[in-house]
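To start, the structure under review is shown below, and the notes come after it.
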Amino acid sequence: MVLRVPIAVVDVETTGLRPDHDRVLQVAVVLRSVEGATEQRWVSFVRPRWGRLARLGPTEIHGIGHRAVRHAPRQRQVGRELAGHLAGRLVVAHNLAFDWAFVRRLLEPGPSAPRAGLCTLALARTVEPAHPEGHSLGALCRRYGIDPGRPHDALDDARATSELLDRLLERLPDPPLIPLVQR
């Protein structure tokens with residue numbers, strides 16, 4: 001099934017799990033057309049504010065070191081560019097609540113901010129409620145024959161989530177949209 005709306009598939013890599021405390025280190029978006037074709041891919045590292053945050057979190061998971069973020073654009077600049085990519089699109093993420101909590105901290109509130117999204121984690125749990133391998137992006141990629149790329153790289157995760165969305169929509173033709181909380 002094609003949703004017939006422009007889509008932005010988003011993924012973030014962060015310094016931790018708490019959006020009120022931790023920061024985005026990398027954000028990526030896969031932009032899809034109304035027909036479902038990939039139009040563009042965008043990724044950026046985000047330079048953390050070193051005064052408040054001297055640690056990069058679980059580098060053994062996300063692989064992002066000081067060298068990658070040292071000269072990256074600051075949060076406000078990344079947020080402006082990200083807002084342009086998301087404007088007028090349905091936001092999709094694997095574990096949308098987590099990703100959106102961090103993404104909305106990057107965005108300035110405004111009329112073009114997305115209002116609804118789809119969560120591939122929730123869709124997978126609806127399609128396969130109690131699968132023994134679980135519903136992580138990696139497990140779902142294995143089950144659906146999707147190349148995950150490098151796990152915990154925001155662009156590879158966004159691309160894999162985009163492919164996963166297509167597989168899940170084949171099995172769940174009328175997905176429930178989730179309202180996105182604004183600031």
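With respect to the conditions (1) without any contact (Cβ under 8 Å) to a residue 40 or more places away in the chain; (2) charged (D, E, K, R); (3) open to solvent by less than 70 Å² (accessible area, probe 1.4 Å), R142 falls short on a single one, namely (3). Highlighted here are the strands (runs of 3 or more DSSP E) found entirely within the range 27-138 that include at least 2 residues which are surrounded by fewer than 17 Cβ atoms within 10 Å (Cβ to Cβ) and polar (S, T, N, Q): 38-45.
Within the range 103-124, work out how many residues are touching a strand residue (DSSP E or B) at 6+ places or on another chain (Cβ under 9 Å) and without any contact (Cβ under 8 Å) to a residue 60 or more places away in the chain. Residues that pass the stated criteria total 4. Looking at the range 25-35, is at least one residue farther than 29 Å from E170 by Cβ, among the hydrophobic types (A, V, I, L, M, F, W, C) and more than 18 Å from the chain's Cα centre (by Cα)? No, the range 25-35 contains no residue that is farther than 29 Å from E170 by Cβ, among the hydrophobic types (A, V, I, L, M, F, W, C) and more than 18 Å from the chain's Cα centre (by Cα). For residues that are in a loop (DSSP other than H, G, I, E, B) and closer than 10 Å to Q26 by Cβ, scanning just the range 145-159, find the one that is least open to solvent (accessible area, probe 1.4 Å). Per the stated criteria, the residue is D153. Filtering E133, E128, E108 for residues that are in contact with a Gly (Cβ under 7 Å, 6 or more places away or on another chain) and more than 12 Å from H94 (Cβ to Cβ) leaves a single hit, E108. So which residues in the range 5-26 are over 19 Å from C119 (Cβ atoms) and either part of a loop (DSSP other than H, G, I, E, B) or among the acidic types (D, E) (or both)? Those that are over 19 Å from C119 (Cβ atoms) and either part of a loop (DSSP other than H, G, I, E, B) or among the acidic types (D, E) (or both): T15, G16, R18, D20, H21, D22, R23.
Only a single item in (1) under 15 Å from the mean Cα position of the chain (by Cα); (2) without any contact (Cβ under 8 Å) to a residue 12 or more places away in the chain is not met by L155, and it is number (2). If the condition is being modelled with pLDDT of 90 or more and of a type in the set (A, V, I, L, M, F, W, C), then the range 111-134 contributes L118, C119, L121, A122, L123, A124, V127.
The values are calculated or read from the model by the stated rules, or taken from the named source; none is laboratory data. Every value quoted in this text rests on a predicted model; they were computed, and no experiment measured them. Note that each Cβ is placed from the backbone with ideal geometry, even for glycine, and that neighbours are counted across all protein chains shown. Side chains included, ligands, DNA and RNA excluded: accessible areas come from the protein's heavy atoms. Shrake-Rupley method; radii C 1.70, N 1.55, O 1.52, S 1.80 Å.
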